[in-house]
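Read-outs: derived from the displayed coordinates by stated rules, not from any lab. The model shown is predicted, which means the values in this text are computed figures rather than measured ones. Every residue, glycine as well, gets a Cβ built from its backbone with ideal geometry; the counts of neighbours run over all protein chains shown.
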Amino acid sequence: GGGERAAMAEDEGLVSVDYEVSGKVQGVFFRKYTQGEAKRLGLVGWVQNTSHGTVQGQIQGPPARVRELQEWLRKIGSPQSRISRAEFSNEKKIEVLEHKEFQILK
């Protein structure tokens, strides 16, 4: 593989969206699984636990892939998790990705 990716992003552009997931989502490897799924989909951004028991973060990438991760956050999550609600906000088109990778923030 190598170097063939430049043209792909031009097709549909890029989006950025913030998310917050409520339920039993801390202490169940939710962040690790979210990172794994994001990497599988080729997305960048971040994920972290909040002080009030939710998980929040940001996703950036091609719209179709971002939608896939949104569905995953809404319905699937990590095997031990119980998702009660996933909220998405601040969706916007972006020119370039603002993150290098998908990170777990402490």
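Here is how the number arises for the chain: DSSP H runs of 4 or more residues each give -39500 (n - 2.57), the sum is divided by the residue count, and the result at 222 nm is -8500 deg cm²/dmol.
Here the chain carries DSSP beta bridges of which approximately 90% are antiparallel, counting only pairs with both residues inside.
The GluC sites (Glu not before Pro) of the stretch 30-106 that meet both conditions, a loop assignment by DSSP and at most 13 other Cβ atoms within 10 Å of the site Cβ, are Glu95, Glu98, Glu101. Full extension of the chain segment joining Arg74 with Arg40 gains 10.5 nm, where the gain is 0.36 nm per residue of separation less the Cα-Cα distance. Charging the Cβ of each Asp and Glu at -1 and of each Lys and Arg at +1, and nothing else, the dipole of the chain about its Cα centre rounds to 620 debye. I want to make sure I understand the PRE zone here: with the label point 7 angstrom from the Cα of Thr50 toward its beta carbon, which residues in the stretch 77-92 have backbone N atoms less than 12 Å away? Correct set: 85-89. In the chain, the longest principal axis of the Cα atoms and the axis of helix 63-75 are about 10 degrees apart. Here r is the Cβ-Cβ distance between Ser89 and Gln26 and R0 is 22 Å; the resulting FRET efficiency, rounded to 0.05, is 0.60. Over all other residues within a Cβ to Cβ distance under 10 Å of Gly23, the charged ones net out to +3, with Lys and Arg as +1 and Asp and Glu as -1. Compare Gln80, Gln60, Gln70 in a GNM of the chain, Cα atoms joined below 10 Å, and give the one with the largest fluctuation. Between Gln80, Gln60, Gln70, it is Gln80 that shows the largest mean-square fluctuation. The equivalent ellipsoid that matches the C-alpha gyration tensor of the chain spans semi-axes of 25, 14, 12 angstrom, in descending order.
Which angle from 0 to 90°, rounded to the nearest 10, does the C-alpha axis of helix 30-41 make with the longest principal axis of the chain? So the inclination is approximately 20 degrees.
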